[in-house]
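Below is one structure, written out as structure tokens; the observations come after it.
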Number of protein chains: 6
Amino acid sequence: MKIAYFVPGPLSRGPLGPDELVRREAFLNQHAFEGTDVEVRETASGPASVESAVEEYLSVPGLIEATPRLEAEGFDAIIVGCFGDPGLAAARELVDIPVIGPGQAAGHVAAQLGLRFAVLTVVDEVVPSIWRQMRQHGLDGFIADVRAVDVPVLELRERAEEVLETLEAEALQSLARGADAFVLGCMTMGFVDVARTLEARIGLPVVNPVLASLKSAETLAALGHSSSRGAYPTPRKKAAATRVHSATAG
Amino acid sequence: MKIAYFVPGPLSRGPLGPDELVRREAFLNQHAFEGTDVEVRETASGPASVESAVEEYLSVPGLIEATPRLEAEGFDAIIVGCFGDPGLAAARELVDIPVIGPGQAAGHVAAQLGLRFAVLTVVDEVVPSIWRQMRQHGLDGFIADVRAVDVPVLELRERAEEVLETLEAEALQSLARGADAFVLGCMTMGFVDVARTLEARIGLPVVNPVLASLKSAETLAALGHSSSRGAYPTPRKKAAATRVHSATAG
Amino acid sequence: MKIAYFVPGPLSRGPLGPDELVRREAFLNQHAFEGTDVEVRETASGPASVESAVEEYLSVPGLIEATPRLEAEGFDAIIVGCFGDPGLAAARELVDIPVIGPGQAAGHVAAQLGLRFAVLTVVDEVVPSIWRQMRQHGLDGFIADVRAVDVPVLELRERAEEVLETLEAEALQSLARGADAFVLGCMTMGFVDVARTLEARIGLPVVNPVLASLKSAETLAALGHSSSRGAYPTPRKKAAATRVHSATAG
Amino acid sequence: MKIAYFVPGPLSRGPLGPDELVRREAFLNQHAFEGTDVEVRETASGPASVESAVEEYLSVPGLIEATPRLEAEGFDAIIVGCFGDPGLAAARELVDIPVIGPGQAAGHVAAQLGLRFAVLTVVDEVVPSIWRQMRQHGLDGFIADVRAVDVPVLELRERAEEVLETLEAEALQSLARGADAFVLGCMTMGFVDVARTLEARIGLPVVNPVLASLKSAETLAALGHSSSRGAYPTPRKKAAATRVHSATAG
Amino acid sequence: MKIAYFVPGPLSRGPLGPDELVRREAFLNQHAFEGTDVEVRETASGPASVESAVEEYLSVPGLIEATPRLEAEGFDAIIVGCFGDPGLAAARELVDIPVIGPGQAAGHVAAQLGLRFAVLTVVDEVVPSIWRQMRQHGLDGFIADVRAVDVPVLELRERAEEVLETLEAEALQSLARGADAFVLGCMTMGFVDVARTLEARIGLPVVNPVLASLKSAETLAALGHSSSRGAYPTPRKKAAATRVHSATAG
Amino acid sequence: MKIAYFVPGPLSRGPLGPDELVRREAFLNQHAFEGTDVEVRETASGPASVESAVEEYLSVPGLIEATPRLEAEGFDAIIVGCFGDPGLAAARELVDIPVIGPGQAAGHVAAQLGLRFAVLTVVDEVVPSIWRQMRQHGLDGFIADVRAVDVPVLELRERAEEVLETLEAEALQSLARGADAFVLGCMTMGFVDVARTLEARIGLPVVNPVLASLKSAETLAALGHSSSRGAYPTPRKKAAATRVHSATAG
């Protein structure tokens, strides 16, 4: 099974550098089932990191361009490498392999572990986007809280210990609002791998969206399901659309 | 009051030609309150028409690029010229003037006219996108049905009579599912101006999303409200984001 | 366009005196679009102010009596001059022009500005009525909180500064419960015109129900919509009903 | 235990005549628990029957006037004699004894018998009012359907057999929409006593709102509960309100 | 009317002893309507008390075994003697008389007294079970809070004063979360009879689930309703099922 | 990774015989990821098949007894071998390894493939149980329909072709009610392996609950999550509970 983890932006050109792609690919393969091979891809277009609805949208044309190519390359599933699931519906329209949204996947895992979960994310600016995302996925009934640690994505790795302490403090706030499980609301948080430590500290499940989306990809690919064409129809102008986009991006 | 109606694609280069922009501007100004001046703008990037989630997303970078410019030009409100409200949250993050989503505006008008409305749109492919859109806006509790006439956007004008007949037939189906009001789910349908005729034929309100968004823009601009920064925060990297986008689009 | 703002009680005979009607009419016309003429009417029956469900209901017979008369006089829309929308459904059944409920109109404006709004009203006694009202309108999913400043309606004008301070304190409480926009839950509050000041102080939208209902009236009248007969059917005994009422009130 | 069944209109002066009051009182006492005494009262004001939102509202001043008097007379509970529960919240604000809304009471009984019930009522005009009523009570999640037999209230008794046949036909329609229990949506239907026959014919529970409200009154009076003052606060101007009303009705 | 109150465990063999059955039967009959006779039954199988989902499920086989027997004995209704309503759906499938779930019955009473109620129960371990129970009954929209006093069931009687004080403190916490009515979430709490005292102290309704289920049983038996076969169908293998169970329990 | 698939009844003693256990174990291992070993277990207590709420409940004591033993044997996850998830909450309370409910797991898979799914199950008698189950899991918002093929569990294998045809016919009915994905609502249906064929025939995803629960077990075990103790607390009387049960079952 071949899974593409697609970063919808030029991650390697940012402060984390090309090593970050290698680190992410290693992390993913280390947690994959035997027989699964994950490749990390990025796109030259798109934002350096996603910390607003603006950046979510700017990351989508790269995903749309890449998705059919990844299918043609023989991947069995694609993970959209951003917690906000930007462009998820569009990507699903374009291919016959499963496309995984990490926010959606992590939410569905958390909803099986407890009654109501809290999303703990990076910066306050994405909190309302996460509420809109969960509403759109029909998952808002499972949400007790959405909170942020107020650390930008690109500083998460270097400020990991501080992030962990703030996550713990925010998690306690969410407990008081009825949360009994947690979802980390950022893929970089997932790769920094604080979920496990936080889970140990607070004694409640903390879902890592990186791993939730990896397992969801392996699950759907193994089951042979692709997205429902009733919910994600093939665009009438599929070819044209891609052409227009090439023009746009050209 | 100056309102920008922004078409997120190269409408004038499509089959409807440059005259369509003129027609739309005339239609909008004809229905505007005294003292309101509407200008129609388009973008060279973006799809020719929006009939899928793919095309919705491809229309957003043009909107993101244009929004701050339109604010700088002195517009008092911006209407996103697509029923699906593509990029609405992103545009709202970027400016201090109201940005109107026609689907959202029309839904809120319809919800004041009846108990449950049906959206009647162009092609089956956008039906699930409209359900997702209404879920995201928290409006799905007001929806009785979403149906399509199966006529592509760019053929609506020339097939207007057929469209009207199909709309009436579909509306009757929606009545049986509990609808007591209707929303046309496509801006081109709105400009073809079938809402009034359909309303007369079926004897129930039919909301034209073009006019609903115009009135919503006039309302919010007159009231001096801009979007809540609690729901649409200014992106931390606002300047950077725009810069990245320029790079992307360049 | 001629709009009737109907006060469902003998406002001019109360402590605010006949000048209050003049002040309200001036305020409305000052905020109306060019070409709109608003007239304020009151009724001799009905309560002096509305601060309970009891008073809401007692204000309705006067509205029912007046509504067909206002339509006959040539008004294009009627605003029910009470935030609680008392008798809204009844008034809509009786006429073919739009009847605006300020609570409903303000709620739909706020729902376009943020994700969840709080209603800030006068006295604690109306808080549960506002919850019931928003449930009935299908708007409760948008509500984060309903709070009161504990100042009676008829003292709002003279205690305006105190009201403003309390509003700000209550708004902060609502922020902590997830509100990102606000609606003032009383028409007299709207006429005292504290919304703008409060909005400036807290930096988030504060919807004035007086202006929201005015703009909603102008919108629906301009669009030519009347209430759906599917949701507000003409009473079988329309004439009789009016007659019975005359008997009742006589 | 003394229970007042209050008809909010001049029933005895209508086509059913003064005997109808006697018949209703007999029916209620025949179904009451031992030790319960039910008295039927009516008001001279108010509509002859309730078949619209207009008439619902016109029936409320009489109820508001009567409620404190009935409490003073020593009744242990009051039943509002109309399925639409007109003025329920107002009446609850005014007294310390339970006030029963038949629509609410019947809905809560039906919700314990099945998963989703249908309301079968008299005329199409009240169907949307029933939807609004159930939304306000928070019961809409239990509703599968609301349908009407298209027979006016005052003709129900004489056309009883026809009503029964139509009820059965409508019930079958509701079954197809997921109903597994039924509520008759009109008190006169309840007194005509078709619920039991319909239940026998279709083999599923059919709740008679007359009996549901009687049992709810007996239950709440026996338990010694009155309405929550958190939901139905005593009006600040309770005395004044009554005074204003006297003026109104005088 | 004969009502069976069925304790799904060997209560008489526990620390409260056989007298507790006598006390409970007396309490129930003391609060029953004239003409109602309540008998308390228990089962030798099942847990000593129910303070977890595990114990809820272990209490069900005894209920399933007893239910048809109680119907055969001529009872008109059966009350499941545990707030969590364990096995309610199963018992309803097996008989043609009403089977009452105290949690469901108490929730429907509370929903008629206020807008949102809080459940105050024994130990923290059952709080999530109560949330699941209320979700299953479709009552979660009426719930403001679920809290526990942290006193085990079998110590409630001896620690009654402490329980009352803690209940009052917890109730105040729930008030701040929007509760305006209360339900005691444990039958032993109901028999200790603290509801009335707590109601007097906090001035808001406190529903005793013992009495709510008694009145619900009397109501449904008097109305002649049994559970909807659409929601609780007779098992295809009804006889076999009972046989299998005998094997299981034998 | 070692996964226990626990059949909560004496399947091998029924008409399908001991071979069925072997067939099921083979089917599960054939679809497992490399490195996963699935063992099928059954219990001597419990019903032969589950086609009612009664049988669901009767299957739980065996599960409660087995669960801690399976954990002690070193299994990494347990699948409850019945679509109705009987006893799921109880089993989760008792162990620190994940316990998978097939109905819940399949629902969460389907919710990622489309907007609204239909459950297609065996007999009409379990349809309302599935609605209650989905309500309890918070998944009812994703459900468009629940329908049955009217073939008993134990005849599914021999009547496989007929089942397939009926499934297809029922699926078309559900499409008309808005379903865009399907879940087979019975584990025996899953083992008969009709999902794939049905999916091919109707062109929309058909989730096999056997495989969905297998993948969910592998996912949660791989991620190292156990159920939230906030939602599934360890019973205070864990040891006692087990003891009582032994007495019960003994």
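Against the test of being hydrophobic (A, V, I, L, M, F, W, C), within 17 Å of D:Gly230 (Cα to Cα) and part of a strand (DSSP E or B), the options C:Val146, C:Val127 yield a single qualifying residue, C:Val146. When D:Gly178, D:Gly190 are checked against the criterion of being at pLDDT 95 or above and not in a helix (DSSP H, G or I), a single residue qualifies: D:Gly178. The set of residues from segment D:119-141 being under 25 Å from E:Glu93 (Cβ atoms) and touching a Leu at 6+ places or on another chain (Cβ under 8 Å) is empty. Checking the stated criteria, E:Ala32 turns out to be in the same structural domain as E:Tyr232 (by TED's automatic domain parsing), more than 24 Å from E:Trp131 (Cβ to Cβ), of a type in the set (A, V, I, L, M, F, W, C) and in contact with a strand residue (DSSP E or B) (Cβ under 9 Å, 6 or more places away or on another chain). Of all the residues in segment A:21-54, those that are in contact with a Ser or Thr (Cβ under 8 Å, 6 or more places away or on another chain), touching a residue at least 12 places away in the same chain (Cβ under 8 Å) and assigned to a helix (DSSP H, G or I) number 2. Residues in segment A:133-167 that are touching a residue at least 12 places away in the same chain (Cβ under 8 Å) and among the charged types (D, E, K, R): 4 in all. Residues in segment E:114-166 that are within 28 Å of F:Leu139 (Cα to Cα), hydroxyl-bearing (Ser, Thr, Tyr) and either out of contact with any strand residue (DSSP E or B) (no Cβ under 8 Å at 6 or more places or on another chain) or within 14 Å of chain D (Cβ to nearest Cβ) (or both): E:Ser129 only. There is no residue in segment A:64-76 that is over 22 Å from B:Ile130 (Cβ atoms), in contact with a Pro (Cβ under 7 Å, 6 or more places away or on another chain) and not assigned by TED's automatic domain parsing to the domain that holds A:Met187. Being assigned to a loop (DSSP other than H, G, I, E, B) and within 14 Å of chain B (Cβ to nearest Cβ): is that true of C:Leu204 here? So C:Leu204 fits the description; yes. Checked against the criteria, C:Arg196 counts as touching a strand residue (DSSP E or B) at 6+ places or on another chain (Cβ under 8 Å), in a helix (DSSP H, G or I) and not hydrophobic (A, V, I, L, M, F, W, C).
Considering only residues in segment E:8-19 that are more than 14 Å from chain F (Cβ to nearest Cβ) and touching a residue at least 24 places away in the same chain (Cβ under 8 Å), the one that is farthest from E:Arg69 (Cα to Cα) turns out to be E:Leu16.
Here D:Glu65 fulfils each of the conditions (1) under 16 Å from the mean Cα position of the chain (by Cα); (2) surrounded by fewer than 24 Cβ atoms within 10 Å (Cβ to Cβ); (3) closer than 19 Å to C:Tyr57 by Cα apart from (1).
Evaluating B:Glu158 against the criteria (1) touching a helix residue (DSSP H, G or I) at 6+ places or on another chain (Cβ under 9 Å); (2) assigned to a loop (DSSP other than H, G, I, E, B) leaves one unmet condition, (1). Select from segment C:106-145 the residues that are farther than 26 Å from B:Ser213 by Cα, buried (at least 23 other Cβ atoms within 10 Å of the Cβ) and more than 16 Å from the chain's Cα centre (by Cα) and list them in ascending order. Scanning segment C:106-145 gives C:Glu125, C:Pro128. Within segment B:222-239, the set of residues being more than 10 Å from chain C (Cβ to nearest Cβ) and surrounded by fewer than 22 Cβ atoms within 10 Å (Cβ to Cβ) comprises B:Thr234, B:Arg236, B:Lys237, B:Lys238, B:Ala239. One residue alone among D:Gly103, D:Gly84 is of a type in the set (Gly, Ala, Ser), within 14 Å of chain C (Cβ to nearest Cβ), in a helix (DSSP H, G or I) and within 13 Å of the chain's Cα centre (by Cα), and that residue is D:Gly103. Among all positions in segment D:235-245, there is at least one residue which is at pLDDT 95 or above and of a type outside the set (Gly, Ala, Ser).
Of all residues in segment B:176-197, those satisfying the criterion of being more than 7 Å from chain C (Cβ to nearest Cβ) and buried (at least 24 other Cβ atoms within 10 Å of the Cβ) are B:Ala179, B:Phe182, B:Val183, B:Leu184, B:Gly185, B:Cys186, B:Met187, B:Thr188, B:Met189, B:Gly190, B:Ala195.
Kindly establish whether E:Pro61 is assigned by TED's automatic domain parsing to the domain that holds E:Leu223 and either outside any helix (DSSP H, G or I) or under 21 Å from E:Val122 (Cα atoms) (or both). It is false that E:Pro61 is assigned by TED's automatic domain parsing to the domain that holds E:Leu223 and either outside any helix (DSSP H, G or I) or under 21 Å from E:Val122 (Cα atoms) (or both). When A:Ala110, A:Ala169 are screened for being touching a strand residue (DSSP E or B) at 6+ places or on another chain (Cβ under 6 Å), part of a helix (DSSP H, G or I) and outside the structural domain of A:Arg229 (by TED's automatic domain parsing), only A:Ala110 passes.
If you go through segment A:47-63 and keep only what is within 10 Å of A:Pro8 (Cβ to Cβ) and either charged (D, E, K, R) or facing chain B (nearest Cβ under 7 Å) (or both), you end up with A:Pro47, A:Glu55, A:Glu56, A:Leu58, A:Val60, A:Pro61. Scan segment D:88-95 and give yes if some residue there is crowded, with 24+ Cβ neighbours inside 10 Å, in a helix (DSSP H, G or I) and not hydrophobic (A, V, I, L, M, F, W, C), otherwise no. Yes, the conditions are met somewhere in segment D:88-95.
For A:Phe6, the conditions (1) crowded, with 21+ Cβ neighbours inside 10 Å; (2) out of contact with any helix residue (DSSP H, G or I) (no Cβ under 7 Å at 6 or more places or on another chain); (3) hydrophobic (A, V, I, L, M, F, W, C); (4) farther than 19 Å from A:Glu155 by Cα all hold with the exception of (2).
The values are calculated or read from the model by the stated rules, or taken from the named source; none is laboratory data. Only a predicted model underlies this, so the values are computations on that prediction, with no experimental measurement involved. Glycine gets a Cβ as well: all are built from the backbone with ideal geometry, and neighbour counts include every protein chain shown.
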